[in-house]
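Engineer: Below are the structure tokens for one structure; questions will follow.
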Amino acid sequence: MGKVLMSQKELKHYRLAMDVIEGKLTIIDFSFQINKSYRQAQRIIKKIKEKGSLGALHGNSNRIPHNKTPVNLENQIVDLLKNKYRNFNLTHFREKIETLENINIKKDALHSIAKKHRLVKHPKRRGRRCHKPRARLSREGMMIQFDGSDHVWFGDERTDLIGGIDDATGTVVAAEFFYGETSNNSLKVIREIVDNYGLPESFYMDQAGIYGKKDREWESQISRAFDQTGIQLIIAGSSQAKGRIERLWRTFQDRLVTELEFYNISSFDEANKFLKEEFIPAYNLQFTVQAQEEEKAYRKNVFGDLDIIFCKKVRRKVMVGNVFSWENITWVIDEKKCFYGREININIHLDGSYSFDIMGRKVHCKVSKRKRLNDYGDKSKLRKSA
């Protein structure tokens, strides 16, 4: 007779059942000892009388479970996780192999395989305070959470991903890679949101990024553009306050980075093209939720030319002769009307071009041919010549 391997539990059942058979223990006490019902205790004793020690073993002992993952499929999963999809988390990996590899596997089975081979991607998380979640706003366009994320998104250099997410639906309304989270780059993304959706009711932004000591310009340009278009600027007191976009960046740093690496994308233009044309549409299709109200809060533009609003503005005072100075160059307003004493706006547009306006009315300006005092050299010589 071969060996019979029993667990401690099964050995206990066999020993107590033999006491019942020999009349040393009652069935009621036996059922109490093994924490089973009276009927189940009778079944166990009957099996041990018929099969001996084998009757104490579970009926599925030494049987292959019907839901066990085949060995060849397990080996294929391990190979894909180690090589082709080595940096993907398990949820992202499962989505990809269903669409690209035509492999269907249950979530629990995949996690068991990955855990067995130590291929689970563990995020590093520290202990954090509990913050009560804020309910989503009821209508799409009521609030855009806006922020930038500095990360090694592709290649070897750190770049900035600037974008916004709708608070009511979780839709990523715009995002783009830049070198630096500057006012011009941020205004470019904001303008894209306005062009595609309309003017939202408010923007929820990070206090450090807008009112930081190093970059006062970001505050003045964006808040000015919002004031001109009736958009409310809400400043977050902490990163947890705008948690929806912070979680978005964590998801992007997990999923977007691995997909850019998977498709061997390392150039700036290719990364932005993939982000806008493939990744964001797929992300919105999967993660966008329904707003509580169908009516949208986006507004149509009734404020005129947006090019002279969403831009960088520099103000100068017009002097006698309709002249003003900008970047060490004397300019003259090529208009018959006298604008002496007024302020002129130099509008530096998002594409690098510039224009001029006074109180919203565009004016034509040209470089003055008149020499400045510095061109004459010493001012004393200028007085003598006069």
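The values are calculated or read from the model by the stated rules, or taken from the named source; none is laboratory data. These numbers come from a predicted model, not from an experiment. Positions of Cβ are backbone-derived with ideal geometry, glycine not excepted, and every protein chain shown enters the neighbour counts. SASA here: full protein model, heavy atoms, side chains in, ligands and nucleic acids out. Shrake-Rupley method; radii C 1.70, N 1.55, O 1.52, S 1.80 Å.
Engineer: Per residue, how much accessible area does the chain show when a 1.4 Å probe rolls over the protein heavy atoms, in square angstrom?
Structural biologist: I get 63 Å² per residue for the chain.
Engineer: Sticking with this one: I'd like the accessible area for residue 100: 1.4 Å probe, protein heavy atoms, all chains in place, Å² to the nearest 10.
Structural biologist: About 90 Å², rounded to the nearest 10.
Engineer: What FRET efficiency would be calculated for the residue pair residue 63, residue 286, taking the C-beta separation as r and a Förster radius of 45 Å, to the nearest 0.05?
Structural biologist: FRET efficiency, residue 63 to residue 286: 0.70.
Engineer: About its Cα centre, how strong a charge dipole does the chain have in debye, to the nearest 20, once Lys and Arg get +1 and Asp and Glu get -1 at the Cβ?
Structural biologist: In total the dipole reaches around 1420 debye.
Engineer: Here is a follow-up. By its C-alpha gyration tensor, with a ≥ b ≥ c as the square roots of the eigenvalues, how is the stretch 1-120 shaped: rounded for a/c under 1.5, else prolate for a/b larger than b/c, else oblate?
Structural biologist: prolate
Engineer: Taking amide H positions as placed in the peptide plane 1.01 Å from N, state which residues far from residue 137 in sequence (5 or more) or on other chains have amide H under 5 Å from it.
Structural biologist: Answer set, sorted by chain and number: 168.
Engineer: Measure nothing fancy, just the Cα-based angle from helix 8-21's long axis to the longest principal axis of the chain, in degrees from 0 to 90, nearest 10.
Structural biologist: Approximately 30 degrees, to the nearest ten.
Engineer: Kindly identify the chain as rounded, prolate or oblate by the Cα gyration tensor criterion: order the square roots of the eigenvalues as a ≥ b ≥ c, call it rounded if a/c is under 1.5, otherwise compare a/b with b/c, prolate if a/b is larger, else oblate.
Structural biologist: Since a/c reaches 1.5 and a/b is larger than b/c, the shape of the chain is classed as prolate.
Engineer: To continue, here is another question. Please build a GNM for the chain, connecting alpha carbons under 10 Å apart, and tell me which residue among 312, 107, 24 fluctuates the most.
Structural biologist: The residue that fluctuates most here is 24.
Engineer: When the label point is put 7 Å from the Cα of residue 358 along its Cα-to-beta-carbon vector, which residues of the stretch 309-329 have a backbone N closer than 14 Å?
Structural biologist: 316-325
Engineer: Heavy atoms of the protein only, probe of 1.4 Å, neighbouring chains included. What is the accessible area of residue 86 in Å², nearest 10?
Structural biologist: Accessible area, nearest 10 Å²: 140 Å².
Engineer: Mind pulling the angle between the C-alpha long axis of helix 38-51 and the longest principal axis of the chain? Nearest 10 degrees, somewhere in 0 to 90.
Structural biologist: 60
Engineer: So, taking all protein chains as they sit and a 1.4 Å probe, how much accessible area belongs to residue 250, in Å² rounded to tens?
Structural biologist: Surface accessible to solvent at residue 250 totals approximately 130 Å².
Engineer: By its C-alpha gyration tensor, with a ≥ b ≥ c as the square roots of the eigenvalues, how is the stretch 1-50 shaped: rounded for a/c under 1.5, else prolate for a/b larger than b/c, else oblate?
Structural biologist: It comes out prolate by the Cα gyration axes.
Engineer: Which value in nm describes the separation of the simple spin-label points at residue 39 and residue 317, placed 7 Å from the Cα toward the beta carbon?
Structural biologist: With each label point 7 Å from Cα toward Cβ, the separation is 9.9 nm.
Engineer: Turning to a different aspect of this structure: Expressed in nm to one decimal, what extension gain is obtained for the pair residue 367 and residue 102 from 0.36 nm per residue of sequence separation less their Cα-Cα distance?
Structural biologist: My answer for the length gained is 88.9 nm.
Engineer: Once phi is turned into θ = phi - 60°, what whole-Hz ³J(HN,Hα) does the Karplus curve with 6.51, -1.76 and 1.60 give for every residue of the stretch 86-95, x standing for Gly and Pro?
Structural biologist: 3J(HN,Hα) across the stretch 86-95, in whole Hz: 5, 9, 7, 6, 5, 5, 5, 4, 5, 5.
Engineer: List every residue whose amide H lies under 5 Å from the amide H of residue 173, counting only residues 5 or more places away in sequence or on a different chain, with H placed 1.01 Å from N in the peptide plane.
Structural biologist: Correct list: 164, 165, 166.
Engineer: Could you look at the chain and say what percent of its accessible area is carbon and sulfur, using a 1.4 Å probe and all protein chains?
Structural biologist: Its accessible area is 48 percent carbon and sulfur atoms.
Engineer: Of 286, 33, 145, which has the largest mean-square fluctuation in a 10 Å C-alpha GNM of the chain?
Structural biologist: For the chain, modelled as a Gaussian network with Cα springs under 10 Å, the answer is 33.
Engineer: Another question, then. Name the most mobile residue of 353, 267, 53, meaning the one with the largest mean-square fluctuation, in a Gaussian network model of the chain with Cα contacts below 10 Å.
Structural biologist: With Cα springs under 10 Å in the chain, the top fluctuation among 353, 267, 53 is at 53.
Engineer: If DNA, RNA and ligands are ignored and the probe is 1.4 Å, what is the ranking of 151, 13, 58 by accessible area, most exposed first?
Structural biologist: Descending accessible area places them as 58, 151, 13.
Engineer: Each residue of the stretch 151-159 in order: what ³J(HN,Hα) in whole Hz does its phi give by Karplus 6.51 cos²θ - 1.76 cosθ + 1.60, θ = phi - 60°, with x for Gly and Pro?
Structural biologist: 7, 7, 6, 8, x, 10, 9, 7, 10
Engineer: Also: For 229, 69, give me the order by solvent-accessible area with a 1.4 Å probe, most accessible first, ignoring ligands, DNA and RNA.
Structural biologist: 69, 229
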